[in-house]
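A.B. asks: What follows is a structure written as structure tokens; I'll ask about it next.
The values are calculated or read from the model by the stated rules, or taken from the named source; none is laboratory data. Not measured: the values here are computed from a predicted model. All Cβ positions, glycine included, derive from the backbone under ideal geometry; neighbour counts span all protein chains shown. Keep in mind that these areas ignore ligands, DNA and RNA; they rest on the heavy atoms of the full protein, side chains included. Shrake-Rupley method; radii C 1.70, N 1.55, O 1.52, S 1.80 Å.
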Amino acid sequence: MLEPGDVAGAIDRGDALVAAADDTVLGALVLDPRDGGAHVEAVAVRRSRRGQGIGTALVEAAAERADRLTADFDPGVRPFYESLGFEIEPTGEGEERLRGTI
């Protein structure tokens, strides 16, 4: 579960990206800065707004901020990360988790 924390500070640092329209949050992405790159800790889009490119825009914006971007995820979202050009391999932390790198 995500813990609320210093959201404004994370946004100011570029560690959290938010997609919004008309003062309504449509999606968010949380980054963990790592040695010259960043890791996607979480990405979420409102259920009613999925499939509209919001998650894609958030990940693309994150990729612009880091020389190297990684994400760990379940196989069900593999097509999403593949469509964004991530190279994918098993994490080694159980057969169900995958890691993508771009």
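A.B. asks: Rounded to the nearest 500, what is the chain's calculated 222 nm mean residue ellipticity when only DSSP H runs of at least 4 contribute -39500 (n - 2.57) each, over all residues? Could you put the intermediate results ahead of the total?
C.D. replies: Numbers: 3 runs with 25 residues, N = 102.
Roughly -6500 deg cm²/dmol at 222 nm, from the helical runs in the chain.
A.B. asks: If R₀ is 30 angstrom, what is the calculated FRET efficiency for the pair A44 and D12, using the beta carbon separation as r and rounding to 0.05?
C.D. replies: Working: r = 20 Å, r/R0 = 0.67.
So the FRET efficiency works out to roughly 0.90.
A.B. asks: Let me ask another. Evaluate the charge dipole of segment 18-94 about its Cα centre and quote only its size in Debye, nearest 20, assuming +1 on the Cβ of each Lys and Arg and -1 on the Cβ of each Asp and Glu.
C.D. replies: Values: 8 positive and 14 negative charges, 76 e Å.
Taking the Cα centre of segment 18-94 as origin, the dipole is about 360 debye.
A.B. asks: Which whole-number percent is the relative contact order of the chain (Cα, under 8 Å, 6+ apart)? Can you show the working numbers first?
C.D. replies: Values: 149 pairs, mean separation 19.1, N = 102.
Relative CO of the chain lands at 19 percent.
A.B. asks: Please list, ordered by chain and number, the residues whose modelled amide H lies under 5 Å from the amide H of R97; skip anything fewer than 5 residues away on the same chain.
C.D. replies: T91
A.B. asks: Have a look at T91, H39, A57 and report the one farthest towards the positive end of the charge dipole of the chain, computed about the Cα centre with Cβ charges (Lys/Arg +1, Asp/Glu -1).
C.D. replies: So the residue we want is A57.
A.B. asks: On alpha-carbon atoms, Rg over Rh for the chain using Kirkwood Rh?
C.D. replies: Values: Rg = 13.5 Å, Rh = 14.1 Å.
My calculation of the ratio gives 0.95.
A.B. asks: How much accessible area per residue does the chain have, in Å², with a 1.4 Å probe?
C.D. replies: Working: 6670 Å² over 102 residues.
It amounts to 65 Å² per residue over the chain.
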